[in-house]
């Protein structure tokens, strides 16, 4: 919490038994606008030193005495998507099926790997190649869907390329 002399501090209790209090900040005793603050309370004119808790906020005032709007916090949208990859090996061929489950319908893609008869059979390598190819196709599908969505919004043809 940061404040300047002349700002107003408001303390709103989370319980109904206590009413909100506000006061004018007369002194800032911490470094760089940090607490503690010497406050003159508007309800009784008393002055006191406070270390505000989480139920307090500061209303800032400009040089003209008018309230300064608080900066808007950036909107954060948090989502969680899961990718499941199923792998099947059969006679030197590995198939991977990737499914992305998110907010909308599941997106799916497949990838394959084939064992060269001259190579040693290392199943883990076939798994990695097939899974990578399925994930690449999954990514291409997502980019295509995003491009179509942008194109529909912008009324233009959009191509998104992987980077």
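Some notes on this structure:
- For region 8-59, the direction-averaged projected area of the alpha-carbon convex hull comes to 3.6 nm².
- Matching the structure-derived mean projected area of the Cα convex hull in nm² against the labelled list (1) 11.5; (2) 9.8; (3) 19.6 gives the label (3).
- Protection proxy ranking of 32-41, 18-27 - average other beta-carbon atoms within 10 Å, highest first: 32-41, 18-27
- Helix 123-154 and the long axis of the chain differ in direction by around 60°, with both axes built from C-alpha atoms.
- Nearest-0.05 FRET efficiency for residue 83 and residue 124, computed from C-beta distance (R0 22 Å): 0.70
- Label point distance in nm, residue 91-residue 4, each placed 7 Å from Cα along Cα→Cβ: 7.9 nm
- Globularity ratio of region 71-145, using Cα Rg and 2.2 N^0.38 Å: 1.48
We did not get these values from a lab; they are worked out from the coordinates using the rules stated. Since the structure is predicted, the reported quantities are computational estimates derived from the model, not experimental observations. Every residue, glycine as well, gets a Cβ built from its backbone with ideal geometry; the counts of neighbours run over all protein chains shown.
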